[in-house]
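Notes for the one structure printed next.
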Amino acid sequence: MKIYTKTGDQGTTMLFGGGRVSKAHIRIDAYGTVDELNAFVGLIRDQDIRVHHKKVLEEIQNRLFTVGANLATNPEKGKAQTPDLLASDLELLEQEMDQMTEELPPLRHFILPGGHPTVSYCHLARCICRRTERLVVYLADQEPVEAILIQYLNRLSDYFFMLGRKLAHELGVEEIKWEAREV
């Protein structure tokens, strides 16, 4: 099987369940940004971090494929069989964040992203996740989108923030406090 089909050469693509849309359609932008986020998660997973973090990140990558599959499905073509996100997927992220919160000093100020490449990758993933969430919300304003997809992306961006803090702590990197300019 060839990887190229030439069917998108005119600027359209096929949705799962049928139907063609412009590659500039918000639905395509949304699931394309999910794919971009997934690639960044892979970059974090490839870092020298604890095995536990790698396992959670692999689970997240699998769930991001679920999000992408749902977004790539034509909402007007009946119920094509797609994998589901579950409440337990949200609970995993919440449990991980709760555990990290217990192990970290309280956050009393805004912090600047950075300090170590791995921490910076977490902040990039957080930003891409927020952009993904905005695109999916915009899509949901126009077409049916399952609410749990938005909830998952919202929780996931918080997870990346906490993971960045946790990895900074594990790597011995100081969190740099944001200093507002005095007026």
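The values are calculated or read from the model by the stated rules, or taken from the named source; none is laboratory data. All of these numbers come straight from a predicted model, not from anything done at the bench. Reconstructed Cβ throughout: ideal geometry from the backbone, glycine too, with neighbour counts over all protein chains shown.
Worth pointing out:
- Of the criteria (1) touching an Asp or Glu at 6+ places or on another chain (Cβ under 6 Å); (2) assigned to a loop (DSSP other than H, G, I, E, B), which one R63 fails: (2)
- Exactly one residue out of L149, L163 is crowded, with 22+ Cβ neighbours inside 10 Å, in contact with a Cys (Cβ under 6 Å, 6 or more places away or on another chain), under 24 Å from I60 (Cβ atoms) and touching a residue at least 24 places away in the same chain (Cβ under 8 Å): that is L163.
- Listed conditions (1) among the polar types (S, T, N, Q); (2) in contact with a helix residue (DSSP H, G or I) (Cβ under 7 Å, 6 or more places away or on another chain); (3) touching a residue at least 24 places away in the same chain (Cβ under 8 Å) are all met by Q61, apart from (3).
- Options L93, L86, L135, L124; residue that is under 14 Å from the mean Cα position of the chain (by Cα), of a type outside the set (D, E, K, R) and under 16 Å from E59 (Cβ atoms): L93
- Pick from segment 64-113, criterion in contact with a helix residue (DSSP H, G or I) (Cβ under 7 Å, 6 or more places away or on another chain) and small (G, A, S), ranking: farthest from A180 (Cα to Cα): A72
- Taken over segment 11-38, the criterion of being of a type in the set (D, E, K, R) and not in a helix (DSSP H, G or I) is satisfied by R20, K23.
- Complete set of residues in segment 126-146 that are closer than 19 Å to E76 by Cα and either among the aromatic types (F, W, Y) or surrounded by fewer than 17 Cβ atoms within 10 Å (Cβ to Cβ) (or both): V137, Y138, A140, D141, Q142, E143, P144
- Which numbered condition G115 fails, given (1) surrounded by 18 or more Cβ atoms within 10 Å (Cβ to Cβ); (2) under 19 Å from the mean Cα position of the chain (by Cα); (3) not in a helix (DSSP H, G or I): (2)
- E182, sole failed condition from (1) closer than 22 Å to L43 by Cβ; (2) charged (D, E, K, R); (3) without any contact (Cβ under 8 Å) to a residue 24 or more places away in the chain: (1)
- Top-ranked residue of segment 1-34 - restricted to ones that are surrounded by 13 or more Cβ atoms within 10 Å (Cβ to Cβ) and aromatic (F, W, Y), ranked as modelled with the lowest pLDDT: F16
Conditions tested, residue by residue: (1) assigned to a helix (DSSP H, G or I); (2) touching a residue at least 40 places away in the same chain (Cβ under 8 Å).
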residue	(1), (2)
E91	yes, no
C122	yes, yes
E133	yes, no
E143	no, yes
